[in-house]
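Every number here is computed from the coordinates shown, using simple stated rules; none is lab data. What you are looking at is a predicted structure, and each value in this text was computed from that prediction instead of being measured. Reconstructed Cβ throughout: ideal geometry from the backbone, glycine too, with neighbour counts over all protein chains shown.
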Amino acid sequence: MNRKCKRCGLKTVLSEEDIEKMKAEVRAMRGVRLVPDDEYVRRLGVCLSCEKLEYGSTCTLCGCVVQVRAMLRDGRCPYPGKSKWEME
Ligand code: SF4
């Protein structure tokens, strides 16, 4: 049984299929600006090694699905002090 997030109602553990469906929905939205593929891969790499990530997809600071948030040009990492996406 898969529990659901009390805040957003999403399943806590998303399958690859769930995530791909969400990404496709975002790509289909009009007016949404996306980052280039290389920036997406870089951001996602940061998230996947971050201690704030749970279930392989959820940022515990903002509750977002990082595979989706990392796509968005206006998406920001909410890490306190300084965005981990901006650190090098
Ligand atoms: S704090 Fe930033 S780097 Fe860490 S999981 Fe959340 S969005 Fe990703």
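Summary of computed values
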| read-out | value |
| --- | --- |
| Cut-off under 5 Å, modelled amide H: who pairs with residue 34 long-range | 73 |
| Cβ-Cβ FRET estimate between residue 37 and residue 15, R0 fixed at 22 Å, reported to 0.05 | 0.50 |
| Inter-site label distance for residue 3 and residue 76 at 7 Å from Cα along Cβ, in nm | 3.0 |
| Gain in span if fully extended, residue 26 to residue 49, counting 0.36 nm per residue against the direct Cα distance | 5.9 nm |
| The chain, dipole about Cα centre (Lys/Arg Cβ +1, Asp/Glu Cβ -1), debye to the nearest 20 | 460 |
| Derived scalar couplings ³J(HN,Hα) [the stretch 45-57; Karplus, 6.51 cos²θ - 1.76 cosθ + 1.60; whole Hz; x for Gly, Pro] | x, 5, 4, 5, 10, 8, 6, 8, 8, 10, 6, x, 8 |
| For the chain, radius of gyration divided by Kirkwood radius, i.e. Rg to Rh on alpha-carbons | 0.95 |
| Ordering of 22-35, 54-67 by packing [mean C-beta count within 10 Å, highest first] | 54-67, 22-35 |
